[in-house]
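A.B. asks: The structure follows.
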Amino acid sequence: NSEDVRCKCICPPYKDHSGRIYNKNVSQKDCDCLHVVEPMPVPGPDVEAYCLRCECKYEERSSVTIKVNDVILLA
């Protein structure tokens, strides 16, 4: 399920741009700043420096397991 995977990039403040969290459904191999941060908040020459500051993590979850646990807890 595409809703069960995401790449989350946490980018701290950079120059006059405030920090921001970006989420996008991409494959694990594409989980990096260049594929997730859209629109890129900095101009071309600053992209590499901006992306080096971002921390990107690939996350998976099972929504079926979460739903089953909710039903068991509510029963």
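The values are calculated or read from the model by the stated rules, or taken from the named source; none is laboratory data. Worth saying up front: this structure is predicted, and the values here are computed from it rather than measured. Positions of Cβ are generated from backbone atoms using ideal geometry, with glycine treated the same way; all protein chains shown enter the neighbour counts. What goes into the accessible areas is simple: the full protein's heavy atoms, side chains included, and nothing from ligands, DNA or RNA. Shrake-Rupley method; radii C 1.70, N 1.55, O 1.52, S 1.80 Å.
A.B. asks: Of the conditions (1) part of a helix (DSSP H, G or I); (2) touching a strand residue (DSSP E or B) at 6+ places or on another chain (Cβ under 8 Å); (3) acidic (Asp, Glu), Glu48 fails just one. Which one is it?
C.D. replies: Result: Glu48 passes all but (2).
A.B. asks: I'm checking my understanding of the structure. Among residues of segment 1-17 that are open to solvent by 30 Å² or more (accessible area, probe 1.4 Å), out of contact with any helix residue (DSSP H, G or I) (no Cβ under 6 Å at 6 or more places or on another chain) and modelled with pLDDT of 95 or more, which one is farthest from Leu52 (Cα to Cα)?
C.D. replies: That would be Lys8.
A.B. asks: Ok, one more. Give me the residue from segment 58-74 that is surrounded by 10 or more Cβ atoms within 10 Å (Cβ to Cβ) and within 25 Å of Ile10 (Cβ to Cβ) and, out of that set, modelled with the highest pLDDT.
C.D. replies: Applying the first criterion (surrounded by 10 or more Cβ atoms within 10 Å (Cβ to Cβ)) to segment 58-74 yields 58-59, 61-70.
Remaining after also requiring within 25 Å of Ile10 (Cβ to Cβ): 58-59, 61-63, 66.
Details: Tyr58: 95, Glu59: 90, Arg61: 77, Ser62: 72, Ser63: 72, Ile66: 71.
Filtering segment 58-74 for residues that are surrounded by 10 or more Cβ atoms within 10 Å (Cβ to Cβ) and within 25 Å of Ile10 (Cβ to Cβ), the one modelled with the highest pLDDT comes out as Tyr58.
A.B. asks: Continuing with this model, one more query. Report whether or not Val26 is at pLDDT below 95 and surrounded by 15 or more Cβ atoms within 10 Å (Cβ to Cβ). Show your work before the answer.
C.D. replies: Details: at pLDDT below 95: yes; surrounded by 15 or more Cβ atoms within 10 Å (Cβ to Cβ): yes.
Yes, satisfied.
A.B. asks: Here is a follow-up. Condition first: hydrophobic (A, V, I, L, M, F, W, C) and over 10 Å from the mean Cα position of the chain (by Cα). Can you find one or more residues in segment 17-25 that meet it? Write out each step before concluding.
C.D. replies: Taking segment 17-25 as the starting set, the residues that turn out to be hydrophobic (A, V, I, L, M, F, W, C) are 21.
If we keep only those that are over 10 Å from the mean Cα position of the chain (by Cα) too, we end up with none.
Looking for residues that are hydrophobic (A, V, I, L, M, F, W, C) and over 10 Å from the mean Cα position of the chain (by Cα), one finds none in segment 17-25, hence no.
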